[in-house]
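Step one of this worksheet: look at the structure below.
The values are calculated or read from the model by the stated rules, or taken from the named source; none is laboratory data. Everything numeric here is computed off the predicted structure, so don't read it as measured data. Backbone-built Cβ (ideal geometry, glycine too); neighbour counts: all protein chains shown.
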Amino acid sequence: MLDIMEPTFIYGRHAVIEALKKRPDIIDTLYIRPSILSDAKVTSLLKQVKNVVEFDERKLPKGVARDAVHQGLIANVVIEKLLIPFKDYKKSLVVDANTSLAVLGEVQDPHNVGAIIRSAAAFGVGAVLIPEHRGCPITGTVIKVSTGTAFSVPLVEVKNINAALRELKEMGFWVYGLDMLGDTSLPEEDFRRPSIFVVGNEGDGMREKTRELCDTVLTIKMHPRAESLNASVSAATVMYAWSALHPQALL
């Protein structure tokens, strides 16, 4: 499993309420400011959590930074419950022309991971595949940046990215790598096949063996005053282009 065996804190009204609505099973303990108990929108969701603890602003739960913008809600969650083993996800995967997946190829920045998850949710991408090793684990920061969409998009744990890509290719997927030195410009691609988008490491890009498994390596045309886009922006741009050709994915 990813290196997240210990419970993790998420905080902030939006992220915690999304967890209460969509994945209350991952919440071990919910910490709440007493004044929030008068908010019916929140209290109606509390019955789904076994442990609800009132806290004093002067004494936050151990592990929560003093400057955390918690807005009176902090949840101690077991992130590993969010992750679906690849072999289990593959069994339930229905593949057609409107199916797409995002693969994180050793993306390290939690802000990039959270933003990619959010874009996947926005543009109808079916799941985000996350490597067991060599990438950023799912953390409280990832969930906060995802604005809670990490609770609605399947997050799939993959032991070996290249092995998973080979299996998915056998199921009919076309693998697109994202690289500024790609051989196909984004507007020229029609995305007719079930699609996989591989986002490489922020500094080194995709590993060579992963790049060799890509059927197409996409590049995004840019004005010369910009040298490149970061990983999450590139992913969002490609996902949007795909969704524009697959409006059914947005339903």
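So is Arg134 touching a helix residue (DSSP H, G or I) at 6+ places or on another chain (Cβ under 6 Å) and assigned by TED's automatic domain parsing to the domain that holds Val199 or not? No. Which residue is nearest to Asn98 (Cα to Cα), if the candidates are limited to segment 190-245 and must be touching a residue at least 12 places away in the same chain (Cβ under 8 Å), more than 18 Å from the chain's Cα centre (by Cα) and in a helix (DSSP H, G or I)? Filtering first and then ranking leaves Leu245. Confirm whether Leu218 is in the same structural domain as Ile116 (by TED's automatic domain parsing), crowded, with 17+ Cβ neighbours inside 10 Å and in contact with a Phe, Trp or Tyr (Cβ under 6 Å, 6 or more places away or on another chain). Yes; evaluated as a whole, the condition is true for this residue.
Considered as a group, the residues in segment 157-171 that are in contact with a Leu (Cβ under 9 Å, 6 or more places away or on another chain) and within 18 Å of Asn201 (Cα to Cα) include one that is surrounded by the fewest Cβ atoms within 10 Å (Cβ to Cβ), and that residue is Asn162. If only residues of segment 81-102 that are aliphatic (A, V, I, L, M) and under 27 Å from Ala244 (Cβ atoms) are counted, the one that is surrounded by the fewest Cβ atoms within 10 Å (Cβ to Cβ) is Val94.
Let's see how each residue does on (1) part of a helix (DSSP H, G or I); (2) touching a residue at least 60 places away in the same chain (Cβ under 8 Å); (3) not assigned by TED's automatic domain parsing to the domain that holds Val233:
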| residue | (1), (2), (3) |
| --- | --- |
| Asp28 | no, no, yes |
| Ile36 | yes, no, yes |
| Val53 | no, no, yes |
| Pro61 | no, no, yes |
| Lys87 | yes, no, no |
| Gln108 | no, yes, no |
| His111 | yes, yes, no |
| Arg118 | yes, no, no |
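Just one residue in the set Lys62, Lys21, Lys47 is surrounded by fewer than 17 Cβ atoms within 10 Å (Cβ to Cβ), more than 22 Å from Pro137 (Cβ to Cβ) and more than 23 Å from the chain's Cα centre (by Cα); that residue is Lys47. Do we have any residue at all in segment 190-200 that's over 24 Å from Val95 (Cβ atoms) and either surrounded by fewer than 19 Cβ atoms within 10 Å (Cβ to Cβ) or β-branched (Val, Ile, Thr) (or both)? Among the residues of segment 190-200, not one is over 24 Å from Val95 (Cβ atoms) and either surrounded by fewer than 19 Cβ atoms within 10 Å (Cβ to Cβ) or β-branched (Val, Ile, Thr) (or both), which makes the answer no. Only residues that are touching a residue at least 40 places away in the same chain (Cβ under 8 Å) and under 24 Å from Asn162 (Cβ atoms) were counted in segment 134-147, giving 2. Among the criteria (1) closer than 23 Å to Lys22 by Cβ; (2) not in a strand (DSSP E or B), the one Asp96 does not fulfil is (1).
The single residue among Ile74, Ile10 that is β-branched (Val, Ile, Thr), more than 30 Å from His246 (Cβ to Cβ) and touching a Lys or Arg at 6+ places or on another chain (Cβ under 7 Å) turns out to be Ile10. Every residue in segment 213-249 that is touching a helix residue (DSSP H, G or I) at 6+ places or on another chain (Cβ under 9 Å) and not aliphatic (A, V, I, L, M), please. Listed by number, the residues that qualify are Cys214, Asp215, Thr219, Lys221, Ser228, Asn230, Ser232, Thr237, Tyr240, Trp242, Ser243. Scanning segment 134-148 for residues that are farther than 17 Å from Glu202 by Cβ and surrounded by fewer than 20 Cβ atoms within 10 Å (Cβ to Cβ) yields one hit, Thr147.
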